[in-house]
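Q: I am attaching a structure below and will ask some questions about it afterwards.
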Amino acid sequence: MHCAIMRGMINVQIRGVPDDVHRRLRSQAALAGQSLNEFLLARMREQARTPTVGELAERISERESVPGPSGSDLVRESRDAP
C-alpha cells in the first residue's frame, strides 16, 4: 500500500541544515501535531501556491482599469476640502 501511495512522488533531500534550525522546525512540527516530514511538506505546498512577484505583477497588469477618479485624486480632493 505504501509503495502505491509513493509512486509518482519525488523525494527531496536538504543537506547542511544547521542544528538550531532543525531543532526549531522539529519543535514547530511537534507543536502542530505533525511529523517533521508532514510539517515541511505543508510549508512547501504553501510556498508552491504563493504567486511570485512577477506573477502578481502580470495579474495586476491584466486587470481592467476602474472608471472614475484615481485614488490620489480623491486624497488630494479630500485634503483640499475646507
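The values are calculated or read from the model by the stated rules, or taken from the named source; none is laboratory data. Every value quoted in this text rests on a predicted model; they were computed, and no experiment measured them. For neighbour counting, all protein chains shown are included, and Cβ atoms are generated from backbone atoms with ideal geometry for every residue, glycine included.
Q: Considering 79, 43, 15, 26, which residue is of a type in the set (Lys, Arg), in a helix (DSSP H, G or I) and exposed (fewer than 10 other Cβ atoms within 10 Å of the Cβ)?
A: Every option except 79 fails the conditions.
Q: Which residue is surrounded by the fewest Cβ atoms within 10 Å (Cβ to Cβ), if the candidates are limited to the stretch 59-71 and must be of a type in the set (Gly, Ala, Ser) and at pLDDT below 90?
A: Here the answer is 65.
Q: Can you give me the number of residues within the stretch 25-82 that are β-branched (Val, Ile, Thr) and over 27 Å from the mean Cα position of the chain (by Cα)?
A: Looking only at that region, the number is 2.
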